[in-house]
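Notes for the one structure printed next.
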Amino acid sequence: MKVSARNVFKGKVRELRPGAVNSEVILELAGGETLVAVVTVESANNLKLAPGADAIALVKAPWVMLMTDASDIRLSARNCLAGKVLSVTDGAVNAEVVLELPGGAKVYSIVTRDAVQELGLVPGASATAVIKASHVILGVPA
């Protein structure tokens, strides 16, 4: 599968919480981290999502926000993945920041160059990737 999304996470469905319109899907990544997605009930049924099923989560890099000093901040975003900055690639306006999670997964984010400087995003720095559950697109192996 080839996709334009920079973030492709493989995992297993740990839990499925169906609602009237949407279902919450908790995906466990290989390193033990979890990623929460909200999809329609119809999509969850069409994909045959159930605990133990293999699934792939896609997240476009511009949808990944970054923060530092997150210890006393509570957010409504369901996915807050703490890691270390692996690399920063500068562009004319934006930069690509790559975080490595403790389990080895990489998270790609596109943020402004100003944000890189203001947050002190340099290789080795601690940072947290913030991803809204509604920005996680799920797929399953064919």
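The values are calculated or read from the model by the stated rules, or taken from the named source; none is laboratory data. A quick note: this is a predicted structure, and the numbers were derived from the prediction, not measured. Note that each Cβ is placed from the backbone with ideal geometry, even for glycine, and that neighbours are counted across all protein chains shown.
Name every residue in the range 104-142 that is part of a loop (DSSP other than H, G, I, E, B), touching a residue at least 60 places away in the same chain (Cβ under 8 Å) and closer than 24 Å to ARG74 by Cβ, in order of residue number.
ALA105, LYS132, VAL136
Residue by residue through the range 77-93, note down the ones that are touching a residue at least 40 places away in the same chain (Cβ under 8 Å) and more than 20 Å from GLY31 (Cα to Cα).
Answer for the range 77-93, where residues must be touching a residue at least 40 places away in the same chain (Cβ under 8 Å) and more than 20 Å from GLY31 (Cα to Cα): just ALA77.
In the range 74-101, how many residues are of a type outside the set (D, E, K, R) and assigned to a strand (DSSP E or B)?
Residues that pass the stated criteria total 15.
Within the range 26-37, does at least one residue satisfy the condition of being closer than 18 Å to GLY139 by Cβ, part of a loop (DSSP other than H, G, I, E, B) and not hydroxyl-bearing (Ser, Thr, Tyr)?
Within the range 26-37, one or more residues are closer than 18 Å to GLY139 by Cβ, part of a loop (DSSP other than H, G, I, E, B) and not hydroxyl-bearing (Ser, Thr, Tyr).
Can you name the residue in the range 1-25 that is part of a loop (DSSP other than H, G, I, E, B) and of a type in the set (Lys, Arg) and is also modelled with the lowest pLDDT among such residues?
Per the stated criteria, the residue is LYS2.
Of everything in the range 26-48, what is touching a helix residue (DSSP H, G or I) at 6+ places or on another chain (Cβ under 8 Å) and more than 20 Å from ALA82 (Cα to Cα)? Give them in sequence order.
VAL38
One line per residue, one yes/no per condition, for (1) outside the structural domain of GLY103 (by TED's automatic domain parsing); (2) over 19 Å from ALA129 (Cβ atoms); (3) not hydrophobic (A, V, I, L, M, F, W, C):
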| site | (1), (2), (3) |
| --- | --- |
| LYS12 | yes, yes, yes |
| GLY32 | yes, no, yes |
| LEU35 | yes, no, no |
| ASN45 | yes, yes, yes |
| LEU49 | yes, yes, no |
| ILE56 | yes, no, no |
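Using the structure shown, decide if GLU42 is free of Cβ contacts under 8 Å to residues at least 24 places away in the same chain, assigned to a strand (DSSP E or B), out of contact with any Asp or Glu (no Cβ under 8 Å at 6 or more places or on another chain) and of a type outside the set (Val, Ile, Thr).
When the stated conditions are applied, GLU42 does not pass them.
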